[in-house]
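Note sheet for the following structure.
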Amino acid sequence: MNRGSGSTVVGLALPIKIWAQRFAFLLLIVTAFTLMLLSKAETVLIEQSRTAIVDSVAPVLTVLSQPAQSISNTIEEVNGLFLLHADNARLKRENELLLGWQNEARRLQLELTALRSQMNIVPDPIPRAIGARVIADSAGTFVHSMLVNAGSQERLVRGQAAVTVDGLVGRIAAVGRRSARILLLTDLNSRVPVVVESTGDRAILAGNNSGRPELLHLPRNAPVTPGDRILTSGHGGVFPPGLAVGIVAEIGEAGISVQPLVDYGRLAYVQVLDYGPEGILPAPDKTVPAAPVGPAPAGTAPSDTAPAVEGAPIVEVTPDETVRPTAAAAVVGAVQ
Amino acid sequence: MNLAGGTARLDRWARNIVPVVITLFLVFIGVAPIPVPYYAVVAPSLPLMAVYYWVVLRPDLMPRTAVFAIGVVHDALTGVPLGVSALVLLLAHAILSSQRRFLVGKSFWVFWLGFVMLAPAAGALTWLLMTLLRGALVAPDATLFNVLMTIAVFPLLAWLLFHMQRALVGQES
């Protein structure tokens, strides 16, 4: 570096300086390798350093991502002006169709509620959605992930599902205080349990760093055709069931590729689904405490009361059915 | 220390950190979500260009510790294992420090040619490290596009950096 000025330094100092510089260089190289190996082993310390770095520059990234977004918004608005008439006609048609579906959905909702109350089914918990803006997009060459400007202070937790209105984006892989990293469906490390909507066949959607992840472990001879919708299955307890994921794009020798429904190139905002501290699985410890109310379902109860008693504690964990626990408790009381 | 001397020193210090600050800023720009389809896949490697520019033209203002730190920040933001970009940029720094005498004071074409030789080597090393670290063959086509894009964008960024250098930093003394 300072070879020019080095000539003025007397005698021994120069070789020492050169050696010191070489040593510093080697030290940095060794440090880089050590960091790589520790990252590979997913050491807690490295993960913490990484989130600390991301957290500290998150405000800068938030500011930088705004101009890009506003340019994109302007372009879309101008485009929208040209398409106003066509859009209006299309939306009117779509609205008529959707009103029909709305009536159907209301009817089915009533039927479902009635059937569920007869069968004591644990309903799916209703998530809280946390909105977050994409502040960095590294869906690039090696890692397909994005950073968003929400973190643990917005109650984001590792493993939560990030979605848009179109479908599943990915899962939260790392959480800082005010930033979080989303691992996209297309990343090499992404594995999502899914079902084929039309047939109900289970499979795993595996990312491969290309734009189209693959369907793996589909049952042999399962009928799949291009255009089939792929949904999350909810297996493994990471994602809630029924989130739209993608559409079967191509079936070839190499495998079945799926086109994600989310357009990663234009993603500006995501919603992170928060199922509360218990996640999407009903917490087992919460089903137990209610047991002392009635006889334990392990066989100590008279056989005719067992179904009602077994149902009661499970129903108590569900937040959206406030009526039935008291009804079930009344049944238990009546039996005792 | 009088006030004028202090201000002058502060001024020089502020000018001297410009190369590192610009390079760090380019790391942030590089990960900003640009709403263009497939942009992220072919996004040029801005930090490599900036490191090349400054190590050749003002090596005194782009020390290897700074290059290392810039690499680590880049790795943290892009989600690749920490140390990958740091190592690639460090090695680029080492090669450039020893070869810069062939590039300084030559025409722009020679300056660009030097980068045309460096960028594929850096891309190949990154690809190799990622393949080893992920334990799976990473498709090389994205790296190839990335290298071509980086080479193509280099003249534009070099022009911008040249004007910034003239306005804020100055020539090597």
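Things to note:
- If you check A:117, A:152, A:145 for being of a type in the set (Ser, Thr, Tyr) and either without any contact (Cβ under 8 Å) to a residue 24 or more places away in the chain or within 14 Å of chain B (Cβ to nearest Cβ) (or both), only one passes: A:145.
- Any hit, segment B:154-167, residues being within 14 Å of chain A (Cβ to nearest Cβ), buried (at least 18 other Cβ atoms within 10 Å of the Cβ) and in contact (Cβ under 8 Å) with a residue 24 or more places away in the chain: no
- Just one of the listed residues (B:124, B:76, B:119) is more than 10 Å from every other protein chain (Cβ to nearest Cβ) and buried (at least 22 other Cβ atoms within 10 Å of the Cβ), and it is B:119.
- Qualifying residue in segment A:165-181 (condition: modelled with pLDDT under 90 and of a type in the set (Val, Ile, Thr)): yes
- For segment B:47-72, the set of residues classified as in a helix (DSSP H, G or I), crowded, with 24+ Cβ neighbours inside 10 Å, in contact (Cβ under 8 Å) with a residue 40 or more places away in the chain and within 12 Å of chain A (Cβ to nearest Cβ) consists of B:55 only.
- Qualifying residue in segment B:100-115 (condition: assigned to a loop (DSSP other than H, G, I, E, B), within 9 Å of chain A (Cβ to nearest Cβ) and either in contact (Cβ under 8 Å) with a residue 40 or more places away in the chain or open to solvent by 20 Å² or more (accessible area, probe 1.4 Å) (or both)): no
- Residues (open to solvent by 80 Å² or more (accessible area, probe 1.4 Å), more than 30 Å from residue B:73 (Cβ to Cβ) and among the polar types (S, T, N, Q)) located in segment A:102-160: A:102, A:103, A:109, A:118
- Of the residues contained in segment A:84-96, none is found to be modelled with pLDDT under 90, within 8 Å of chain B (Cβ to nearest Cβ) and surrounded by fewer than 17 Cβ atoms within 10 Å (Cβ to Cβ).
- Flag for residue B:149 being away from chain A (no Cβ under 14 Å), within 17 Å of the chain's Cα centre (by Cα), open to solvent by 60 Å² or more (accessible area, probe 1.4 Å) and within 21 Å of residue B:71 (Cα to Cα): no
- Within segment A:12-26, the residues that satisfy the criterion of being within 23 Å of residue B:129 (Cα to Cα) and open to solvent by less than 100 Å² (accessible area, probe 1.4 Å) are A:24, A:25.
The values are calculated or read from the model by the stated rules, or taken from the named source; none is laboratory data. Predicted model, so just to flag it, every value in this text is computed and none were measured. Positions of Cβ are generated from backbone atoms using ideal geometry, with glycine treated the same way; all protein chains shown enter the neighbour counts. Ligands, DNA and RNA are stripped out before the accessible areas are found, and what is left, the full protein with its side chains, is counted by its heavy atoms. Shrake-Rupley method; radii C 1.70, N 1.55, O 1.52, S 1.80 Å.
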